[in-house]
1. Compute the helix-to-body angle for A:94-112: its Cα long axis versus the longest principal axis of chain A, expressed 0 to 90° and rounded to tens.
2. List, shortest first and in nm to one decimal, how far the label point of B:Pro61 (7 Å from Cα along Cα→Cβ) is from its counterparts in the other copies.
3. Along Cα→Cβ at 7 Å, what distances in nm separate the A:Arg50 label point from those on the other copies, shortest first?
4. Quick one: net charge of A:Leu52's neighbours, Cβ under 11 Å, K/R +1, D/E -1?
5. Out of residues 5 or more away from A:Leu76 or on other chains, whose amide H comes under 5 Å of its own, with H placed 1.01 Å from N in the peptide plane?
6. Measure nothing fancy, just the Cα-based angle from helix A:7-24's long axis to the longest principal axis of chain A, in degrees from 0 to 90, nearest 10.
7. Whole-Hz Karplus ³J(HN,Hα) for the range B:65-76, in order, using 6.51 cos²θ - 1.76 cosθ + 1.60 and θ = phi - 60°, x for Gly and Pro?
8. If we hang a label 7 Å off Cα along the beta carbon direction at B:Val94, how far is it from the matching labels on the other copies, in nm, shortest first?
There are 2 protein chains.
Amino acid sequence: MAVDLRPSQALKLLHDFNYEMVRDDDRDLTARQVTILLTVYLDPPPHTVRGLAAKLNVTKPVITRALDTMGRMELLQRRRDPADRRNVLVQRTVKGALYVERLADLMVAKSKALPL
Amino acid sequence: MAVDLRPSQALKLLHDFNYEMVRDDDRDLTARQVTILLTVYLDPPPHTVRGLAAKLNVTKPVITRALDTMGRMELLQRRRDPADRRNVLVQRTVKGALYVERLADLMVAKSKALPL
DNA sequence: AAAAATCGTTTCGGAGCCGTATCATTTCAG
DNA sequence: CTGAAATGATACGGCTCCGAAACGATTTTT
């Protein structure tokens, strides 16, 4: 079935989702970080620093720093490309998969609680 | 009709929405700022600094600073409460209403583009 | 083999946001 | 009328993020 979302429902969903994230987590991911994370988890590999930077229309250091941060959180993982050792391949982790799953569950739960 | 969102659709919606925000805007609002903004636009007034801080489970300076920032952007507006001049009433602005509307439209558009 | 190009990282100065503690203003209680 | 309470703003030191530029490592070109 197609997803039919009215503007007022969209705003409430957006509010409720962010509200829960803000209340639960001390430190939130930025919009850029979320986009990078979900891109890696939704788009087919391989993912490189340069590729992600081009796709998101940001500079390369933004990706490098986001990988530093989310790498420390163990949400993503760096690996050198064995074929071309200049490249860095960005890969998923178990912890990252769980985090993404939590995002999805939260969205689904909040959407179910929306008024008709 | 009820909103029926599957986890994979939820993730794609989250990604596509954030992706568009990141690509379009140089400077994004933080999760806290979005939550404050939408709370003011969705919940019935009055909205005070103290009330918002309690609702979002953050400290008062967080609200004050968010109002500084979003006030500079003209997305929200401060007004002294004439009844009790200790209070600050947080109110909507024309520009803020347009911004919120843009958020809603973007969510709706991205939800319509979701795969079945 | 040398030079050029590619890729990711690091450095730099600057800006924003954080929590804690403190402050000024206003209201209320005794 | 005066001291306590309530409210929002500010000061402070710390952390993260930013874009631009420079850098080291690797690959490709000449």
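Only the coordinates and a few stated rules stand behind these numbers; no lab work does. Remember, predicted model here, so these are calculated numbers, not experimental data. Positions of Cβ are generated from backbone atoms using ideal geometry, with glycine treated the same way; all protein chains shown enter the neighbour counts.
1. 20 degrees
2. Between copies, matching label points for B:Pro61 lie 2.7 nm apart.
3. Counterpart label points of A:Arg50 in the remaining copies fall at 5.8 nm.
4. Its environment carries a net charge of +3.
5. Under 5 Å from the amide H of A:Leu76 lie the amide H atoms of A:Gly71, each far enough along the sequence or on another chain.
6. 60 degrees
7. Taking θ as phi minus 60°, the curve returns 5, 5, 5, 4, 4, 6, x, 4, 7, 6, 8, 9 Hz for the range B:65-76.
8. Reported distances to equivalent positions: 5.7 nm.
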